[in-house]
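The values are calculated or read from the model by the stated rules, or taken from the named source; none is laboratory data. Here the structure is a predicted model, which means the values were calculated and not measured. All Cβ positions, even for glycine, are placed from backbone atoms using ideal geometry, and neighbour counts span all protein chains on display. For accessibility, only protein heavy atoms count, side chains too; no ligands or nucleic acids. Shrake-Rupley method; radii C 1.70, N 1.55, O 1.52, S 1.80 Å.
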Amino acid sequence: MKRRAYVNARLLDPASGLDAPGGLLVEGDKIVDLGPRLFNDGAPAEAEVRDCGGHLLAPGLIDMRAYLREPGQEHKETIASATRAAAAGGITTVVAMPNTKPIIDEPAMVEFLAKRARERGVVRVHTMAALTRGLDGKDMTEMGLLAEAGAVGFTDGDHAVANSRLLLRAMSYATTFDFLIANHVEDPTLSEGGQMNSGEVATRLGLSGLPWIAEAIGLERDLRLVEYTRCRYHAAGISTGEAVEALARAKAKGLAVSAAVAPHHFALNETALGEYRTFAKVSPPLRSEADRRAMVEGLRTGVIDVIASNHAPQDQEGKRQPFAQARTGIIGFETLLPLALELFHGGHVALLDLFRAMTATPAKLLKLPTGRLVKGAPADLVLVDLTRPWRFDVDRFRSKSKNSPFDGRAVQGHALLTVVGGKIVFDAVKERSHAYV
Amino acid sequence: MNVAAAAVFPHRHLLGTEGLSAGEIVLLLDRAEGYVEQNRQVDKKQALLRGRTQINLFYENSTRTRTSFELAGKRLGADVINMSVATSSIKKGETLIDTAMTLTAMRPDVLVVRHTDSGAVELLSQKVDCAVINAGDGSHEHPTQALLDALTIRRRKGRLQGLIVAICGDILHSRVARSNIHLLSTMGATVRVVAPPTLLPPQVARLGVEVHHDMRAGLKDADIVMMLRLQLERMNGAFVPSIREYFRFYGLDYEKLASAKPDALIMHPGPMNRGVEIDPEVADDIDRSVIREQVEMGVAVRMAVLDVLSRNLPNLGPVGPK
């Protein structure tokens, strides 16, 4: 079996707290050894040696929330283009949302997507199946059978489940199997028709608002249902300080709740909408500066557990529209890591905590064997140059869609090498990534 | 069985199994044993209830229970009248209590009542002079079903005490489950309920049962596997996602049954949904399934209930509410 020795690395493993210079040995698709003193006497003779140049070697990133658009909207993104973009971003596992055409609410669809991903994808693709049939919020899906087919959780994606009685029963049913339910936190009756965060900017732009209270009430309702059913719950993408407070209270009660934030919610605020910039239109919307700071603080304290890209490709057609008619969504695979690293460079979040939110914690919530540097684990790795300065150039992103408000942003740090199951799926230098050219 | 039968049955009505003593249950079961033998003779008729009138008042459709009560009454010599909602003045808006007043004026001796609402039979029993037998009220109780189940088990296993009984399926809506839980617990059996949380009533453990969500764990070493019917309208995403998912995780098949004792008996109150809560092969396995025997025991148990209650009937007084 093929062996590859990663020497001269800075090993970073949030699960064990390891942050030390060392080496790591991969055999076939598994990590077989690692440690600070490994290769002190030289790498094994038969292994291919990869000098990491002192860069950070961490578990490959796990992105809990992404819209891959295949099947049904392949003009926006395909599994092939999405996973290439993910690999370039240091992501080794993406979790696909069920909001495709057709919707992933049948066991056969979960199997189809897994098969497609094996054939055409370069990183691992898991699926969260629909929580309600047809995402219509009325009847729960066949969670047991969907999980047997490979679904790692249940969600209606960017549809909030409005019917509390249905959500209660679905959560209750999910406890049978200890499934994870991820909900878009929003009270749809309060957000209906809203275009951006409610407030001064919306008022000046003359756009109808999505008030923070919609998220607060949506989340508080969900947390109460969790308290009642004891279900494992994940708030799939929060944007307000109120949500952070509510989560802190729920966690203090010992509930099995977790939350994710997308980079745009800690990297931007509502002013990014400027003169109706539809590329910054997203759900939940970009919020106030106080909310943005609350996201950073939530990550620092660990109340927010996960950073997920919320990768949502939209074509030009969908975005080159009057603001109210433009589609929501921001692509996120290739900006996830550099934007997250801003929090490290800015001194806001410790490196181990930052990587934990993109590796060990998602793996634990999804019950995946990856996300850790440990003997016997799948060799899903990312080698990160933490400091190299560069600028995002959306035209050179691998995603088929280019809807990012971060075009031209100066950032620091980049994935150098992405390894999935022992296989190198991205090499920044070889591929002449624009971060390096 | 080390519990002695009670000498007399000290109740005017049979509204539920909750509150019956072990001795009273044994009395009913012992009495039913005799009727099992009688029902297997050519001449099944007795004169115990000669001159008595039994009205079967069914606010909910039923074939087997109503027929079983009708046969029981007739075999004991009573005159039996069936009233069902479709043909009664309930459709014209008469309230339950008005109906009770009307019926009591006709001087029946026994009223057998099934109603869609929990507690309706008890309410009616407070307004009439005769003996009332609950033939199923809402999701509350169905005592004769629990008695016939107990009789079936006792005849096969020789006892109730110490047995492990797993009741599986829609416990939430099941009066059969509640009556069985009370009766079997009183008789010293270990009762487990096995269902997804969506089909379990809140705090069901407070009824003295073990709660399981997994069939293999719930059936482990069980002596009796009691399957409940799942109404079709509850299966399309409301309480459980679908029929096929329910069958996969909660349908009784040989694979799941393998966790139970090798001689475990399979019971079902009927009517069965083959392929939903029970694999047809299992349901029809003559070595394991006692489902048809349950039906036979039903008539005997109902005769026993009519028997003991008729002995407590009051002397006839003036017409009217008591």
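Expressed as a whole percentage, what fraction of the accessible surface of chain B belongs to carbon and sulfur atoms when a 1.4 Å probe is rolled over the protein heavy atoms?
So the carbon and sulfur contribution to the accessible surface is 51 percent.
Check which residues have an amide H placed less than 5 Å from B:Ser289's amide H, if you skip close sequence neighbours.
Amide H neighbours of B:Ser289, under 5 Å, 5+ apart: B:Ile266.
Mind grabbing the base-10 log of I(q)/I(0) for region A:197-278 at q = 0.19, 0.23, 0.26 Å⁻¹? Debye formula, identical points on the C-alpha positions, no solvent, two decimal places.
Log-scaled intensity ratios, in q order: -0.84, -1.06, -1.25.
Testing the spin-label approximation: label points 7 Å from Cα along Cα→Cβ at B:Met101 and A:Ala350. State their distance in nm.
7.9 nm
Taking the Cα centre of chain A as origin, sum charge times position over the Cβ atoms of Lys and Arg (+1) and Asp and Glu (-1), and report the length of that vector in debye to the nearest 20.
That gives chain A a dipole magnitude of about 480 debye.
Nearest 5 is fine: what % of DSSP beta bridges in the protein assembly as shown come out antiparallel, could you say?
Of those bridges, close to 35 percent are antiparallel.
When all protein chains stay in place, what accessible area (Å², nearest 10, 1.4 Å probe) is found for A:Thr175?
40 Å²
What do the square roots of 5 times the Cα gyration tensor eigenvalues come to for region B:177-285, in whole Å, largest first, as semi-axes of the equivalent ellipsoid?
The answer is 20, 18, 12 Å, longest axis first.
Just counting partner chain Cβ atoms within 10 Å, what average do the residues of peptide A:143-150 show around their Cβ?
Per residue, the number of nearby Cβ atoms from other chains is 3 on average.
Between region B:23-67 and region B:183-250, what is the separation of their alpha carbon centroids in Å?
Computed from Cα coordinates, the inter-centre distance equals 30 Å.
In nm, give the distance between the simple-model label positions of A:Val49 and B:Asp79, each being 7 Å from the Cα along the Cα-to-Cβ direction.
According to this spin-label approximation, the distance is 10.8 nm.
For every other residue with a beta carbon closer than 9 angstrom to the beta carbon of B:Ala304, add +1 if it is Lys or Arg and -1 if Asp or Glu, then tell me the sum.
My count for the surroundings of B:Ala304 gives -1.
What does a probe at B:Arg248 reach in region B:178-200, counting residues whose amide N is under 13 Å from the point 7 Å along Cα→Cβ?
Counting backbone N atoms under 13 Å from the label point, the list is empty.
Where does the charge balance sit around B:Ala205 when Lys and Arg score +1, Asp and Glu -1, over other residues with C-beta under 15 Å from its C-beta?
Net charge in that neighbourhood comes out at +3.
Convert each backbone phi in region A:414-425 into a coupling constant with the Karplus relation 6.51 cos²θ - 1.76 cosθ + 1.60 (shift: θ = phi - 60°), then list the ³J(HN,Hα) values in order as whole Hz, x for Gly and Pro.
With coefficients 6.51, -1.76 and 1.60, one gets 6, 6, 8, 8, 10, 10, 10, x, x, 9, 6, 10 Hz.
So how far apart, in nm, are the two label points at B:Glu281 and B:Ala217 if each is 7 Å from Cα heading toward Cβ?
About 2.7 nm separates the two model spin labels.
Which whole number gives the average, over all residues in B:189-198, of C-beta atoms from other chains lying within 10 Å of the residue C-beta?
Mean inter-chain Cβ contacts per residue within 10 Å come to 3.
For A:Ala9, what is the net charge nearby, where nearby means another residue's Cβ is under 14 Å from its Cβ and Lys, Arg count +1, Asp, Glu -1?
-1
Going 7 Å from the Cα of A:Val374 toward and past its Cβ, which residues in region A:1-30 have a backbone nitrogen under 15 Å from where you end up?
Output list for this probe position: A:13-18.
Can you pull a Stokes-Einstein diffusion coefficient for the protein assembly as shown at 37 °C (0.692 mPa s), Rh from Kirkwood over Cα pairs, as a whole number of µm²/s?
It comes out at roughly 110 µm²/s.
Structure shown: which of B:Lys157/B:Lys261; A:Lys402/A:Lys423; A:Lys400/A:Lys423; A:Lys281/A:Lys319 lie over 20 Å apart, alpha-carbon to alpha-carbon?
A:Lys402/A:Lys423; A:Lys400/A:Lys423
Hey, any idea what % of chain A's accessible area is carbon plus sulfur with a 1.4 Å probe?
Solvent-exposed carbon and sulfur of chain A make up 49 percent of the total.
At 1.4 Å probe radius, can you tell me the per residue accessible area of the protein assembly as shown in Å²?
That works out to 38 Å² for each residue.
Taking every DSSP beta bridge with both residues inside chain A, roughly what % is antiparallel (nearest 5)?
Close to 50 percent.
Apply the Karplus curve 6.51 cos²θ - 1.76 cosθ + 1.60, θ = phi - 60°, to the phi angles in region B:34-47 and return the couplings in whole Hz, x for Gly and Pro.
x, 6, 4, 5, 4, 5, 8, 7, 5, 8, 9, 8, 10, 10
Roughly how crowded by other chains is peptide B:248-261, in terms of the mean Cβ count from those chains within 10 Å of each of its Cβ atoms?
Average per residue, whole number: 1.
Just how far, in whole angstrom, is region A:37-111 from region A:243-294 if you go by their alpha carbon centroids?
A separation of 25 Å, based on Cα centres.
To the nearest 10 square angstrom, how much accessible area does B:Thr99 have with a 1.4 angstrom probe?
Per-residue accessible area (B:Thr99): approximately 10 Å².
Could you give the angle, 0 to 90 degrees to the nearest 10, between helix A:241-252's Cα long axis and the longest principal axis of the Cα atoms of chain A?
Orientation of helix A:241-252: about 70 degrees from the principal axis.
Buried by at least 50 Å² relative to the chain on its own: which residues of region A:161-186 qualify, computing accessible area with a 1.4 Å probe on protein heavy atoms?
SASA drop of 50 Å² or more in region A:161-186: A:Arg169, A:Tyr173, A:Thr176.
Please list the non-local residues whose amide H lies under 5 Å from the amide H of A:Ile330, H modeled 1.01 Å from N, same-chain partners needing a gap of 5 or more.
A:Ala312
For A:Leu34, which sequence-distant residues (separation of 5 or more, or a different chain) have an amide H within less than 5 Å of its own amide H, given hydrogens modelled in the peptide plane?
The list, which skips near neighbours in sequence, is A:Leu25.
Give the calculated FRET efficiency between A:Asp29 and A:Tyr436 to the nearest 0.05, with a Förster radius of 22 Å applied to their Cβ-Cβ distance.
According to the calculation, E is roughly 0.20.
Pop out the ³J(HN,Hα) list for region A:47-57 in order, Karplus 6.51 cos²θ - 1.76 cosθ + 1.60 with θ = phi - 60°, rounded to Hz; leave Gly and Pro as x.
3J(HN,Hα) across region A:47-57, in whole Hz: 8, 6, 9, 10, 7, 7, x, x, 6, 7, 10.
For B:Ile286, B:Ile81, B:Ile164, B:Ile278, give me the order by solvent-accessible area with a 1.4 Å probe, most accessible first, ignoring ligands, DNA and RNA.
Highest to lowest solvent-accessible surface, that is B:Ile286, B:Ile81, B:Ile164, B:Ile278.
If one takes the longest principal axis of the Cα atoms in chain A, at what angle in degrees, from 0 to 90 and to the nearest 10, does the Cα axis of helix A:164-175 lie?
30 degrees
Calculate the all-directions average of the projected area of region A:295-388's alpha-carbon convex hull, and give it in nm².
Mean projected area for region A:295-388: 8.3 nm², to one decimal.
Considering Cα pairs under 8 angstrom that are at least six residues apart, work out the relative contact order of chain A and quote it in whole percent.
With pairs under 8 Å counted, the relative contact order is 19 percent.
Under 12 Å from the 7 Å Cα→Cβ point of B:Arg40, by amide nitrogen: which residues of region B:289-303?
Within reach of a label on B:Arg40, which here means backbone N under 12 Å from a point 7 Å along Cα→Cβ, region B:289-303 contributes B:297.
At a Förster radius of 30 Å, what calculated FRET efficiency corresponds to the Cβ-Cβ distance of B:Leu123 and B:Arg206, to the nearest 0.05?
0.75
Give me the accessible area of A:Phe323, 1.4 Å probe, in Å² rounded to the nearest 10.
10 Å²
Once the Cα atoms of helix A:107-120 and of chain A are each reduced to a long axis, what angle between those two axes, in degrees from 0 to 90 to the nearest 10, is obtained?
Taking Cα atoms only, the helix is inclined about 40 degrees.
Provide, in order from the shortest bin, the percent of all Cα-Cα pairs of chain A in each 20 Å bin, continuing until the bin that contains the maximum pair distance.
28, 60, 13, 0
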